[in-house]
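Chemist: Attaching a single structure in structure tokens format; questions to follow.
What follows draws every value from the coordinates through simple rules; no lab data is involved. What you see is a predicted model; the values in this text were computed from it and never measured. Reconstructed Cβ throughout: ideal geometry from the backbone, glycine too, with neighbour counts over all protein chains shown.
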Amino acid sequence: MLSPKPFDICFTSVQKSAIRILWAVLDAMDQMWLPVVRTWRLNEWHYGALTSLTKAETAAKHGEAQVKICSRSYDPYHPFYSNISKDHGYVDLTENHLPSYESLKDTIARALLFYNEEIVPQIKEGKWVPIAAHGNSLWGIVKHLEGLSEEIIMELNLPTGIPIVYELDKNLKPIKPMQFLGDEEAMHKAMEAVAAQGKAKK
């Protein structure tokens, strides 16, 4: 991925998939020295007791309709999961900070809170900021920037590993819609792969 100027500060989750993508980008741009802020608020949606299952495994066990409800409903119920509070990556947080499960509504709220409190001030200072996160946590930022409804955001498939670029005006409003960087065919295949994640393997 090319940038007209170097990045200034990076943001990512504390989950290794996003961290590795950020590493790959910074390595390709020879900017591995940049400061990186890692936060659980950019983590993927916490699916409760379904956390240990892939979407395909969940579909095989509970049906594709249930996966659709769990992964594409704005405020669904998930079975509780308590082991996250014992994960060493979250030792500095109290159990009050760590939910037993989340809805998409919860995920969007925490990601957007972090965006407004921590990322927006950096952008206002004129800094170039990459965010390496997850499709459903990035939904919150996209929903905010694009002014999308709950129904539309739940149907949005953000392709994994494909950079998204926003150019913002002085009021931090998009000058134009999101732009995907990369080969168009690869982008469509990545979108189709995301859409197919909730289907049981045959």
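Chemist: If you count, for each residue, the other Cβ atoms within 10 Å and average over each peptide, how do 130-140, 113-123 line up from highest to lowest?
Modeler: On the way: 130-140: 22.5, 113-123: 15.3.
Those peptides, ordered most packed to least, come out 130-140, 113-123.
Chemist: Considering lysine pairs in the stretch 97-175 that are 8 or more places apart or on different chains, how many have Cα atoms under 21 Å apart?
Modeler: For the stretch 97-175, qualifying lysine pairs total 8.
Chemist: Going by average Cβ neighbours within 10 Å, how do the peptides 153-162, 34-43, 170-179, 103-112 rank, with the highest at the top?
Modeler: Answer by packing, highest mean first, reads 103-112, 34-43, 153-162, 170-179.
Chemist: Roughly what would the spin-label model give for Leu168 and Ile19, points 7 Å off Cα along C-beta, in nm?
Modeler: 2.6
Chemist: Taking the simple approach of a point 7 Å from Cα along Cα-to-Cβ for both Asp106 and Lys124, what is their distance in nm?
Modeler: About 3.0 nm, to one decimal.
Chemist: With Cβ to Cβ distances under 12 Å as the rule, what net charge do the other residues near Phe11 carry (K, R +1; D, E -1)?
Modeler: 0
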